[in-house]
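The values are calculated or read from the model by the stated rules, or taken from the named source; none is laboratory data. These figures come from a predicted structure and were not determined experimentally. Every residue, glycine as well, gets a Cβ built from its backbone with ideal geometry; the counts of neighbours run over all protein chains shown. Surface areas here come from the heavy atoms of the whole protein model, side chains and all, with no ligands, DNA or RNA. Shrake-Rupley method; radii C 1.70, N 1.55, O 1.52, S 1.80 Å.
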Amino acid sequence: MEKFSILLVDDVAENIHSLKMMIEDSFDVKIFSALSAQEGMEILMKEEINLILTDIQMPEIDGFEFAEYLKSIEKTKDIPLIFITGIYDKDEYKRRGYDIGAIEYITKPIDDLLLDAKLKVYIDIFERSKKRQDELEEKNEILIHQAKMATMGEMIGVIAHQLKQPLNVLSLYCNDVKDSYNFGEINDEFIDEFSKKTKSNINFMSQTIDDFRDFFNPKKSKSKFLLKKVIDNSQNLLLKQLENNNINLHIDISNEEVYGVDSELEQVVLNLLTNAQDAFIEREIEQRDIYITAGTNQKYTVLVVEDTAGGIKEDDPEKIFDPYFTTKEKGTGTGLYMVKLVVKTSFNGELKLKNTEKGAKFIMILSNGK
């Protein structure tokens with residue numbers, strides 16, 4: 001355990017030596033000594049001191065002035081201070097000492113039993129406080145470990161959610177191969193298109209894994225990029241699914257720029273598109289439209305994804321952003337939680353949700369780096 005530390009301040013070296021011997025006879029503590037208030041302040045700035053014992057009658061800066069100075073400094077204002085004096089023992093001097101922050105007066109010649117009793121009080125307080133601090137740190141370590149495990153569980157769920165989308169697309173492509181083979185439609189053009197799309201999805205999954213490895217890195221690489229490129233990539237990845245489910249994607253994006261990690265914004269858009277698709281299918285909605293629009297100002301680019309899937313059915317729509325909250329029978333509740341986290345941490349932005357007459361409207365306010 002860390003030792004209790006005492007600073008002795010007296011302009012007479014023999015006084016310091018006698019007091020030090022007296023303390024060390026009774027206590028196992030760490031003692032610092034100074035022959036002036038200036039020297040004492042230098043020690044206080046460098047070391048962690050738990051108690052100060054100072055003489056009053058000293059040249060240049062006396063004990064009263066020293067105490068007043070200590071109370072004006074953040075690092076030293078709460079350190080207990082005891083005056084030791086053989087001259088300033090009248091009530092008027094004691095009142096002055098107490099007024100400026102002294103906690104005790106010990107008069108010379110020093111009674112070693114009285115000194116031991118007073119020091120024991122402060123050493124006991126220090127040791128109890130240190131024990132409580134050690135216990136608190138131990139509990140905090142346990143809580144931090146539990147939080148890391150919980151975060152790891154969240155991230156695993158999110159990764160599984162993200163990889164499921166391109167895997168579903170690859171599954172559709174494989175079914176296309178089988179159907180095209182049965183109908184004799186496989187040719188060079190089909191093979192080229194199949195190779196291009198499957199490689200694109202595999203690259204996306206690989207990039208997703210790399211992104212999650214780097215997600216909590218505060219120094220991860222950010223850059224300015226065109227929003228349209230991200231939207232086009234997301235559309236291409238889901239094109240087959242959207243076509244098969246008769247979903248119409250309406251995009252009105254021009255040259256808006258965003259500052260952040262482009263692949264993470266792709267994951268955000270894919271989440272929102274996939275959620276809308278699932279809602280269309282689950283609710284058997286006939287008119288299936290998704291609108292993606294954007295606008296920009298001096299500091300932010302606003303990206304809006306709006307669907308006609310009937311909106312969020314919860315009393316408190318914001319609940320859908322809570323981790324593990326889901327309205328899907330087999331949902332993990334991590335997709336929209338991750339969407340909000342990415343918008344906040346990777347794009348210094350915010351995510352808003354509104355229910356419209358026909359569906360849900362997600363509004364993302366993203367930094368454009370200006």
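Structural remarks
- Solvent exposure of the range 213-305 amounts to 52 Å² per residue of accessible area, where only protein heavy atoms count and the probe is 1.4 Å.
- When 250, 17 are compared by accessible area at a 1.4 angstrom probe, the order from most to least is 17, 250.
- Taken over the range 4-44, the convex hull of the Cα atoms encloses 43 Å³ per residue.
- Contour minus Cα-Cα distance for residue 131 and residue 181 (0.36 nm per residue): 10.5 nm
- Peptides 178-190, 347-359 ordered by average Cβ neighbours within 10 Å, highest first: 347-359, 178-190
- Of 337, 259, 69, 173, the order by accessible heavy-atom surface (1.4 Å probe, DNA, RNA and ligands excluded), from most exposed downward, is 69, 259, 337, 173.
- Computed from the C-beta positions of residue 74 and residue 282 and an R0 of 56 Å, the FRET efficiency is 0.40 to the nearest 0.05.
- Listed residue pairs exceeding 18 Å between alpha carbons, taken from 319/361; 20/120; 199/240; 197/340; 228/358; 319/352: 197/340; 228/358
- Added length on full extension, which subtracts the Cα-Cα distance from 0.36 nm per residue, residue 167 to residue 42: 38.4 nm
- Averaged over residues, the count of other Cβ atoms within 10 Å places the peptides 230-242, 26-38 in the sequence 230-242, 26-38, highest first.
- Full-extension gain in nm, residue 228 to residue 114, via 0.36 nm per residue minus C-alpha separation: 33.0 nm
- Computed E for residue 27/residue 139 - FRET, C-beta separation, R0 25 angstrom, nearest 0.05: 0.25
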